[in-house]
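For reference, the structure discussed in these notes is given below.
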Amino acid sequence: MRKPLVAGNWKMHGSRQQLDSLLGGLIDGLSDNATAEVLVCPAFVYLHEASARLGDSAIELGAQNVCAQAGEGAFTGEISAAMLADIKCRYVIVGHSERRAIYAESDEQVAKKFVAAQAAGLIPVLCVGETLDERESGATEAVVARQLDAVLDEAGVAAFSQSVLAYEPVWAIGTGKTASPDQAQQVHGFIRSKIAEKDVKIAGLLRILYGGSVKPGNAAEIFAMADVDGGLIGGASLKVDDFLAIVRAAG
Ligand code: 13P
């Protein structure tokens, strides 16, 4: 069985004070017998403090981005995967659509980040998804396949056993427009079948999260779909009660 994962991507939000109250609220609000795994991804500068605040709680810590270069070196402004592992991050988001669109990250760079993350023992959360134009021109599967193939070519299918995927249709991110449960299932099923072409077992165990305007009111129906294994939550993860409700909706 695939254990559901609910991840909060806090993006460029918050302050030390907000971080403290958000994490405190989540630690207090999560029951010990929650069936979903919970992950929070604050901005880089807060990761170390978050790591200490989480202590031995079951909440996992992740970063929102990582340098594609392995090791260390003259890469001003970058943060290596080894540094993230050093402060007890377990996950890192790679290929978020905001990185692809605003910072022009190519499929190849995303694939290198995926590999660099794994080389340091981190679990990459690989985001894929189409824009509205791509969906309307019928290119959704071709876009998602291209994004996946770049990583499959660089890392090989075996690497997917130590990763999480997230389908985030760009048109649904921060817009209040959610993919319908059927639309989500269709692409999640496509992603799983694409991995299954290379390795059925890995495909069966792979967790595929949905992201894009997930809220307490729509989480349960999306998470109920066969190939949806949790969510990658933006805006709603900044409100303790909403995020906790979404975690509960995942099981
Ligand atoms: P929203 O939940 O705010 O739409 O953001 C989704 C997202 O981009 C998570 O990575």
So, first residue basic (K, R) in the stretch 100-122, second residue open to solvent by less than 20 Å² (accessible area, probe 1.4 Å) and outside any helix (DSSP H, G or I), Cβ within less than 6 Å, six or more apart or across chains; the pairs are K113/V66; K113/V94
Given the options E108, E98, E130, E141, name the one that is part of a helix (DSSP H, G or I) and more than 25 Å from A158 (Cβ to Cβ). E98
Could you figure out which of (1) surrounded by 16 or more Cβ atoms within 10 Å (Cβ to Cβ); (2) of a type outside the set (S, T, Y); (3) outside any loop (DSSP other than H, G, I, E, B); (4) more than 15 Å from the ligand (Cβ to nearest atom) isn't true of A245? (4)
Out of the residues in the stretch 64-106 that are β-branched (V, I, T) and open to solvent by 80 Å² or more (accessible area, probe 1.4 Å), state the one that is farthest from the chain's Cα centre (by Cα). T76
When the residues of the stretch 17-46 are narrowed to those that are among the β-branched types (V, I, T) and surrounded by fewer than 21 Cβ atoms within 10 Å (Cβ to Cβ), which ends up nearest to G230 (Cα to Cα)? T35
Do the conditions hold for I191, that is, is it β-branched (V, I, T), crowded, with 21+ Cβ neighbours inside 10 Å and within 30 Å of I27 (Cβ to Cβ)? no
When you look at K201, is it farther than 24 Å from N65 by Cβ and surrounded by fewer than 16 Cβ atoms within 10 Å (Cβ to Cβ), yes or no? yes
So, in the stretch 199-238, of the ones that are touching a Pro at 6+ places or on another chain (Cβ under 9 Å) and among the charged types (D, E, K, R), which residue ends up farthest from G62 (Cα to Cα)? E221
Taking G176, is it without any contact (Cβ under 8 Å) to a residue 24 or more places away in the chain, assigned to a loop (DSSP other than H, G, I, E, B), within 15 Å of the ligand (Cβ to nearest atom) and open to solvent by 10 Å² or more (accessible area, probe 1.4 Å)? no
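If I ask for residues that are more than 16 Å from the ligand (Cβ to nearest atom) and charged (D, E, K, R), which ones from the stretch 194-239 would you list?
Taking the stretch 194-239 first, the residues more than 16 Å from the ligand (Cβ to nearest atom) are 194-206, 224-227.
The answer is K194, E197, K198, D199, K201, D227.
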When the stretch 223-238 is examined, which residues are found to be in a helix (DSSP H, G or I) and either free of Cβ contacts under 8 Å to residues at least 12 places away in the same chain or closer than 19 Å to I93 by Cβ (or both)? G235, A236, S237, L238
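The values are calculated or read from the model by the stated rules, or taken from the named source; none is laboratory data. As the structure is a prediction and not an experimental result, all values here were calculated from the model. So basically every Cβ, Gly included, is an ideal-geometry build from the backbone, and we count neighbours across all protein chains shown. Ligands, DNA and RNA are excluded from the accessible area calculation, which covers all protein heavy atoms including side chains. Shrake-Rupley method; radii C 1.70, N 1.55, O 1.52, S 1.80 Å.
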